[in-house]
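K.L.:
Following this message is one structure expressed as structure tokens.
The values are calculated or read from the model by the stated rules, or taken from the named source; none is laboratory data. All of these numbers come straight from a predicted model, not from anything done at the bench. Glycine gets a Cβ as well: all are built from the backbone with ideal geometry, and neighbour counts include every protein chain shown. Each accessible area value is taken on the protein alone, full model and side chains, heavy atoms only, with ligands, DNA and RNA left out. Shrake-Rupley method; radii C 1.70, N 1.55, O 1.52, S 1.80 Å.
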Amino acid sequence: MPDMLVKLYDLPEKQGLLDSLRSRGIVIKRAMTGDKQAIVDFVGSHFTASWRSECECAFARLPVNCYIAVKDGTVIGFACHDVVVRNFFGPTGVLEEYRGLGVGKALLLECLCAMRQNGYGYAVIGWVVDALSFYERSVGAIAIPDSFPGAYRDMIGLE
């Protein structure tokens, strides 16, 4: 479960992917504070309690550090940044029936572009469990040796 490092100054183009998703009725957008409860409830219902807490932290700043994927007025995916530690991407998740369409990659790219606009040259993708190859393919991320548990070492229940 290493952390991964990604160069923000060398990200792939995203507009084609966003247009392709839009043609399928899927829109990627920055979350708005008025949608906080619906988004946090979505994360809590489909993912973990700790991800719900982290997502809630994304709403403590303006602009909000959370992007969502929406289809037919319903949240189908989310991605956050700068919620566990500054300069960290994650957590992120997409409903299983929408995986493989590029939704996760689009959410990732939106967050990483926002991080680049915030002045970061690199970003850390924290605590990658099953998606190392996804991040390698999508944004050229590399695993950081000996990085687990890293920033999460003092989390209750991690012992």
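K.L.:
Under 1.5 on a/c is rounded, so check that first for region 93-159, then, if it is not, pick prolate when a/b is larger than b/c and oblate when it is not; a ≥ b ≥ c are the square roots of the alpha carbon gyration tensor eigenvalues. Spell out each step's value before the answer.
P.N.:
Numbers: a/c = 1.79, a/b = 1.27, b/c = 1.42.
Oblate shape, in that a/c is at least 1.5 and b/c is the bigger or equal ratio.
K.L.:
For P(r) over Cα pairs in 5 Å bins from 0, in percent, the listed values are (1) 1, 7, 15, 15, 12, 12, 12, 11, 8, 4, 2, 0; (2) 2, 9, 19, 23, 22, 16, 6, 2, 0, 0; (3) 2, 9, 15, 17, 16, 14, 11, 8, 5, 2, 0, 0; which was obtained by calculation from the structure presented?
P.N.:
The value matching this structure is (2).
K.L.:
Which whole number in µm²/s is D for region 48-106 by Stokes-Einstein, with the Kirkwood Rh taken over Cα pairs at 37 °C and 0.692 mPa s? Don't jump to the answer; show the numbers that get you there.
P.N.:
Details: Rh = 11.9 Å.
Roughly 277 µm²/s, to the nearest whole number.
K.L.:
If a/c stays under 1.5 just call it rounded; otherwise compare a/b with b/c (prolate if a/b is bigger, oblate if not). Do that for region 1-62, with a ≥ b ≥ c from the square roots of the Cα gyration tensor eigenvalues.
P.N.:
On the way: a/c = 1.86, a/b = 1.25, b/c = 1.49.
Verdict is oblate for region 1-62.
K.L.:
Starting from the residue with the highest accessible area, list 39, 142 in decreasing order, probe 1.4 Å. List each step's numbers first, then the result.
P.N.:
On the way: 39 0, 142 100 Å².
My answer, sorted largest first, is 142, 39.
K.L.:
With a 1.4 Å probe and every protein chain kept in, tell me what percent of the accessible surface of region 1-151 is carbon plus sulfur. The partial results should precede the final answer.
P.N.:
Values: 3830 of 7510 Å².
C and S atoms contribute 51 percent here.
K.L.:
Moving to a separate point now. Taking the alpha-carbon centroid of each part, what is the distance from region 21-90 to region 124-146 in angstrom?
P.N.:
Using only Cα atoms to place each centre, the spacing works out to 20 Å.
K.L.:
Now for a different question. Tell me the per residue accessible area of region 39-87 using a 1.4 Å probe; a whole number in Å² is fine.
P.N.:
Values: 2150 Å² over 49 residues.
Ligands and nucleic acids excluded, the result is 44 Å² per residue.
K.L.:
Can you tell me, using C-alpha contacts under 8 Å and at least 6 residues apart, the relative contact order of the chain as a whole percent?
P.N.:
Values: 253 pairs, mean separation 55.6, N = 159.
Computed value for the chain: 35 percent relative contact order.
K.L.:
When you take every Cα atom in region 38-78, what is the radius of gyration, and what is Dmax, the widest Cα pair distance, in Å?
P.N.:
Both quantities, over Cα of region 38-78: 10.0, 27 Å.
K.L.:
If you add up the charges near residue 90, with Lys and Arg at +1 and Asp and Glu at -1, over every other residue whose beta carbon is less than 12 angstrom from its beta carbon, what do you get? Please list the in-between numbers first.
P.N.:
Numbers: positive: none; negative: 3, 54, 82.
Charge balance near residue 90 sits at -3.
K.L.:
Among 53, 45, what's the order by accessible area (1.4 angstrom probe), most exposed first?
P.N.:
Working: 53 65, 45 90 Å².
So, going from the largest accessible area down, we get 45, 53.
K.L.:
With a 1.4 Å probe and all protein chains kept in place, how much accessible area does residue 61 have, in Å² rounded to the nearest 10?
P.N.:
Estimated to the nearest 10 Å², residue 61 gives 100 Å².
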